[in-house]
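> I'd like to ask you about the structure that follows.
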């Protein structure tokens with residue numbers, strides 16, 4: 001991305017925080033093998049400050065949408081506490097194969113990381129794992145797919161993906177957890193609300209629907225508005 005392109009993805013900016021519309025397919029930081037990553041472009045997001053912002057949390061490489069950045073160390077500490085205390089309100093949109101039996105509900109299923117036989121790793125449900133809670137509701141259904149709103153109450157790796165599979169409705173584009181292959185991952189961090197200061201309203205941002213989710217959402221009843 002050019003500096004202008006990443007600056008155009010800023011959804012909110014103040015003295016403490018930036019909320020960025022992260023593109024799908026780009027990891028937030030470099031892995032062991034290096035390669036393109038979002039942090040590489042952060043120097044373009046200083047907006048007059050002496051140092052680039054830092055990541056306040058993470059999104060998976062293939063997840064798009066709202067990502068919070070702290071603009072300086074004090075802001076990062078404040079944001080880190082909000083996320084660790086569960087006070088950051090995260091809203092995701094997902095399109096899944098099939099659908100849950102209920103129109104809304106809560107998944108409480110602890111998660112653990114295990115190694116794959118052929119290398120790499122995956123997340124599994126394990127009673128001895130870390131506590132993981134996801135609230136969900138159905139926003140629309142259509143032709144074998146369902147549009148879900150998911151609100152994770154904990155921040156575990158692959159949490160929404162594994163919990164959706166646990167419900168019997170894995171995400172489109174998520175073959176790792178039983179979803180249909182051959183599509184991009186249909187998971188979008190739609191909105192983020194951060195109660196940064198008690199004397200002011202929470203900071204809020206909404207990320208536009210990316211092109212690769214548009215057709216699937218419309219199949220499930222989305223009309224393209226800001227609902």
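Every number in this text was worked out from the coordinates using simple rules, so none of it is lab data. Just so we're clear, the structure is a prediction, and the values are computed from it rather than from any experiment. Every residue, glycine among them, receives a Cβ derived from its backbone with ideal geometry; neighbour counts consider all protein chains shown.
> Take the chain, connect every pair of alpha-carbon atoms lying under 10 Å apart with a spring to form a Gaussian network, then pick out the residue of 99, 129, 33 with the largest mean-square fluctuation.
Of 99, 129, 33, the Gaussian network model singles out 33 as fluctuating most.
> Residues of region 135-169 with backbone nitrogen within less than 18 Å of a virtual label 7 Å along the Cα-to-Cβ line of residue 215, please, listed as ranges.
Output list for this probe position: 142-147.
> How do 213, 76 line up, fewest other C-beta atoms within 10 Å first?
76, 213
> Further, regarding this structure: What is the percent of Cα-Cα separations in region 18-145 that go past 21 Å?
Summing the P(r) tail past 21 Å for region 18-145 gives 58 percent.
> Quick one: 85, 21, fewest Cβ neighbours within 10 Å first, how do they rank? Mind showing how you got there, number by number?
Numbers: 85 8, 21 20.
Placing the least packed residue first, the sequence is 85, 21.
> Give me 2, 154, 91 ranked fewest to most by other Cβ atoms within 10 Å of their Cβ, as a rough exposure proxy. Spell out each step's value before the answer.
Details: 2 9, 154 14, 91 19.
Final ranking by Cβ density, sparse to dense: 2, 154, 91.
> While we're on this one: Of all the Cα-Cα pairs you can form in the chain, what percent are over 28 Å apart?
Working: 7889 of 25651 pairs.
Tail of P(r) above 28 Å: 31 percent of Cα pairs.
> Mean-square fluctuation check for the chain, GNM, Cα pairs under 10 Å: which of 44, 88, 56 is largest?
Comparing 44, 88, 56 in a Gaussian network model of the chain, the most mobile one is 44.
> If you bin the C-alpha pair distances of region 2-79 every 5 Å from 0, what whole percents do you get?
Per 5 Å bin, starting at 0, the Cα pair percentages come out as 3, 16, 28, 29, 17, 7, 1.
> Continuing with the same structure: Rounded to whole Å, give me the distance from the Cα center of region 62-110 to that of region 143-174.
Taking the Cα centre of each part, region 62-110 and region 143-174 sit 12 Å apart.
> Still on this structure, I have one more. How big is region 91-155 by the Kirkwood estimate over distinct Cα pairs, in Å?
13.2 Å is the Kirkwood radius here.
> From the helices alone, meaning DSSP H stretches of at least four residues, give me the mean residue ellipticity at 222 nm for the chain, per-run term -39500 (n - 2.57), in deg cm²/dmol to the nearest 500.
Estimated from H runs of four or more residues: -4000 deg cm²/dmol.
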